[in-house]
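Quick notes on the structure that follows.
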There are 2 protein chains.
Amino acid sequence: MQGIAFQDAYPEELSHCYGCGKNNPHGHQLKSYWDGDETVAYFIPEPFHTAIPGFVYGGLIASLIDCHGTGSASAAALRALQDGGETDAEPPRFVTAALNIDYLAPTPMGVELELVGVIKEVKPRKVVVEITLSAAGIVCAKGHMVAVKMPDTMM
Amino acid sequence: MQGIAFQDAYPEELSHCYGCGKNNPHGHQLKSYWDGDETVAYFIPEPFHTAIPGFVYGGLIASLIDCHGTGSASAAALRALQDGGETDAEPPRFVTAALNIDYLAPTPMGVELELVGVIKEVKPRKVVVEITLSAAGIVCAKGHMVAVKMPDTMM
């Protein structure tokens, strides 16, 4: 992991997301980083984030995949801008257009979850990311996200 | 809406879900009901459930669609058992196998969200549900869920 978290590079006024905003004290504050060409994040669920006792609630899994995906999209788009010579570009903010999740195995409570993102496609206004969520080395969920640049109407 | 909420009919030991369990005081406690052949649920996000300020966080939207979908699956499976003559059947508990969400429009904060489920397929161990989430009459997200009967390994 290198540098500051993707989400911590968002502009202050766009840093209130419940899943990953550093300015949301109630939220999960997920933080994602580059690890080579992949992206990673780690999260330990709270004891009350249960589905069935002993297992993590699917909505939290979706949330973590969502925020890791949009963060990864922002970072990938920024890297593409920088590779194109825009060395002082600001990280563009992406939002989710489509999120598909396959729940492959029950996710156990009490262990750190690892999210890994693989960037599949980068265009100026659209990034596709595949995300796996693992617990204790076992892939419990796979996500496929289409993220789009945040529309001006949301600013 | 008629009868008790689907989620309130789950066995006590399976009622701890963060999204919809009546025994989880930290959670959303979403409650879903029949409305004819469709299912409905209503939810008002908390002020801190933001994505970008003014708009609801996508992870909450995924969570609500997820819990409304599994609740609807349970109710649809129970109705099928009852229609088959098992009038004293217990509601079977379903979990999510696959969840696909299209985010169609930013979901505004400060209004009640309406979830409507349409049952597309009912088998003893698999139910398919389509869910729309609307705010102030505008469909903001559509979900497609494949729910499967909870494996014994989760009990």
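The values are calculated or read from the model by the stated rules, or taken from the named source; none is laboratory data. The shown structure was predicted, so the numbers you read here are calculated from the model rather than taken from an experiment. Methodologically, a virtual Cβ is constructed for each residue, glycine included, from the backbone with ideal geometry; neighbour enumeration extends over all protein chains shown.
With respect to A:K142, is the statement that it is assigned to a strand (DSSP E or B), closer than 25 Å to B:H68 by Cα and among the basic types (K, R) true?
yes
For segment B:17-73, which residues satisfy the criterion of being among the hydroxyl-bearing types (S, T, Y) and more than 9 Å from chain A (Cβ to nearest Cβ)? Outline the logic, then answer.
Let us first name the residues in segment B:17-73 that are among the hydroxyl-bearing types (S, T, Y), namely B:18, B:32-33, B:39, B:42, B:50, B:57, B:63, B:70, B:72.
Scanning segment B:17-73 gives B:S32, B:Y33, B:T39, B:Y42, B:S72.
Residues of segment A:87-112 being free of Cβ contacts under 8 Å to residues at least 12 places away in the same chain and over 18 Å from A:M150 (Cβ atoms), which ones?
So the first thing to find is which residues in segment A:87-112 are free of Cβ contacts under 8 Å to residues at least 12 places away in the same chain, and the list is A:87-89, A:110.
Scanning segment A:87-112 gives A:T87, A:D88, A:G110.
Checking B:E12 against (1) modelled with pLDDT under 95; (2) facing chain A (nearest Cβ under 9 Å), which test does it fail?
(2)
Restricted to segment A:74-106, and to residues that are more than 18 Å from the chain's Cα centre (by Cα) and within 14 Å of another protein chain (Cβ to nearest Cβ), which residue is farthest from A:V139 (Cα to Cα)?
My answer is A:P106.
Could you please find all residues in segment B:110-131 being surrounded by 19 or more Cβ atoms within 10 Å (Cβ to Cβ) and within 15 Å of B:F43 (Cβ to Cβ)?
B:L113, B:L115, B:G117, B:I131
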